1. Considering only region 267-308, state which residues are surrounded by 20 or more Cβ atoms within 10 Å (Cβ to Cβ), within 27 Å of His29 (Cα to Cα) and not β-branched (Val, Ile, Thr).
2. Those residues that are surrounded by 18 or more Cβ atoms within 10 Å (Cβ to Cβ) and assigned to a helix (DSSP H, G or I), I need them from region 231-266; list them, please.
3. Kindly check whether there is at least one residue in region 363-370 that is closer than 19 Å to Ile296 by Cα and crowded, with 16+ Cβ neighbours inside 10 Å.
4. Testing Arg40 on (1) open to solvent by 30 Å² or more (accessible area, probe 1.4 Å); (2) within 14 Å of the ligand (Cβ to nearest atom), one condition comes back false. Which one is that?
5. Only residues that are within 25 Å of Pro141 (Cβ to Cβ) and among the β-branched types (Val, Ile, Thr): list them for region 175-224, please.
6. Answer yes or no as to whether Thr257 is under 14 Å from Ser302 (Cα atoms), touching a strand residue (DSSP E or B) at 6+ places or on another chain (Cβ under 9 Å) and hydroxyl-bearing (Ser, Thr, Tyr).
7. Go through (1) open to solvent by 10 Å² or more (accessible area, probe 1.4 Å); (2) more than 23 Å from the chain's Cα centre (by Cα); (3) closer than 23 Å to Pro232 by Cα one by one and return the number of the condition Gln13 breaks.
8. When the residues of region 50-97 are filtered to those that are over 30 Å from the mean Cα position of the chain (by Cα) and part of a loop (DSSP other than H, G, I, E, B), which remaining residue is nearest to the ligand (Cβ to nearest atom)?
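The values are calculated or read from the model by the stated rules, or taken from the named source; none is laboratory data. What you see is a predicted model; the values in this text were computed from it and never measured. Neighbour counts run over all protein chains shown; Cβ positions are idealised from the backbone, glycine included. For the accessible areas, the whole protein counts, side chains as well, though only heavy atoms, and no ligand, DNA or RNA atoms are used. Shrake-Rupley method; radii C 1.70, N 1.55, O 1.52, S 1.80 Å.
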Amino acid sequence: MLPVKNNIFWVGQVDWGLRTFHGNEYSTHRGSSYNSYLVRDKKTVLIDTVWQPFARQWADRLAAAMDLKSISAVVANHGEIDHSGGLEELLERIPGTPVYCTANAVKSLRGHYHRDWNFQVVKTGDRLSLGSQELIFVEAPMLHWPDSMMTYLSGEAVLFSNDAFGQHYASELLFNDRVDRAELYQEAIKYYANILTPFSPLVTKKIQELLALKLPLEAICPSHGIIWRDNPAQIVETYLRWADSYRENQVTLVFDTMWDGTRRLAEEIARGLHEADPKVTLKIFNRGRSDKNDIITEIFRSKAVLFGSSTINRGILTSMAGLLEEVKGLGFKGKKAAAFGCYGWSGESVKILNEGLKAAGFEVVDEGFRALWNPNQEALAGAALFGKKLAALL
Ligand code: FEO
């Protein structure tokens, strides 16, 4: 039980060993944490629990630190099992304890656990008095699932934001002023890019709604990663920037290649682009060998992407097809794109990449660059020229 602020305690689980999340959809190079919080006032309330595999050890640890029967209510900000996974274990020990959550969370929790717990459905603005302070509930649908909500503790001025403002970042240091800032922001932007990008308009709307309430804010306690207690507004302001078609002066080249020809094109295009625009940051990834979520993060930061693939079976390499599907789902806004690739026979890859990029919402600025067989000096020079041309278009 770690003190967060006066009568607020962190009672969660740090997961140093986690390497993928949401099944194998999201890489977690730095692990994660499942943050559960205990608020003690005249009433004691538990906010969120932990992921299922940790449920028993978490409940045992909590029971060793306190009388579980003193918990008068549980708040389930979100039904997904990384936060609700301890409910079964807990509610077997304190049956009948009310569970405060949204109407959609009841559906989610019933769907996951098939139990009829003592659900108390709340809406935005509903309050729960703890004695000297109140919990105020704020629905946050699609941040990031339809059932999500946040809970604000008056008096302490703490927002329990659930997934929003979180990071998959294991640390025992708990607070943003104690951890490495570069690591923290790397994990925060990766989290936003890969999870929250599709909901950016809702992020903006929800933050503006919260700001309009003019509530004091002394800390943001998300359900993953560290707590923002040093200038918590910094992550709110950063989210507003990220939600607004975010882009830096960066171009990311992503390719896959069969016999290295498309790799050589990528490098020559990058060389030409850099010659024409020495200030632009260029990042090059072989998709077949690179982590998908790291690439998505770099695409999120970019003003433009260049996708490359060899042609195979009149199509594109599957790693690039998977990436196209991913960026289509994320719905990036305000980014430009172009395509390139080598081919031996039919040569459809550039056309397919162009179509996929357009369908994913990118502005394709050129018909693309193709090279027959492995590129000779002339083709490499053409790739460099293509890069130079792109510098003016991106
Ligand atoms: Fe949507 Fe961290 O679960």
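1. If the condition is that a residue be surrounded by 20 or more Cβ atoms within 10 Å (Cβ to Cβ), within 27 Å of His29 (Cα to Cα) and not β-branched (Val, Ile, Thr), then Phe285, Arg287, Asn293, Glu298, Phe300, Ser302, Ala304, Leu306, Phe307, Gly308 are the ones that fit.
2. Answer for region 231-266, where residues must be surrounded by 18 or more Cβ atoms within 10 Å (Cβ to Cβ) and assigned to a helix (DSSP H, G or I): Ile235, Val236, Tyr239, Trp242, Gly261, Thr262, Arg263, Arg264, Leu265, Ala266.
3. Taking every residue of region 363-370 in turn, at least one turns out to be closer than 19 Å to Ile296 by Cα and crowded, with 16+ Cβ neighbours inside 10 Å.
4. (2)
5. If the condition is that a residue be within 25 Å of Pro141 (Cβ to Cβ) and among the β-branched types (Val, Ile, Thr), then Ile189, Ile195, Thr197, Val203, Thr204, Ile207, Ile220 are the ones that fit.
6. no
7. That leaves (2) as the condition not met.
8. It comes out as Thr97.
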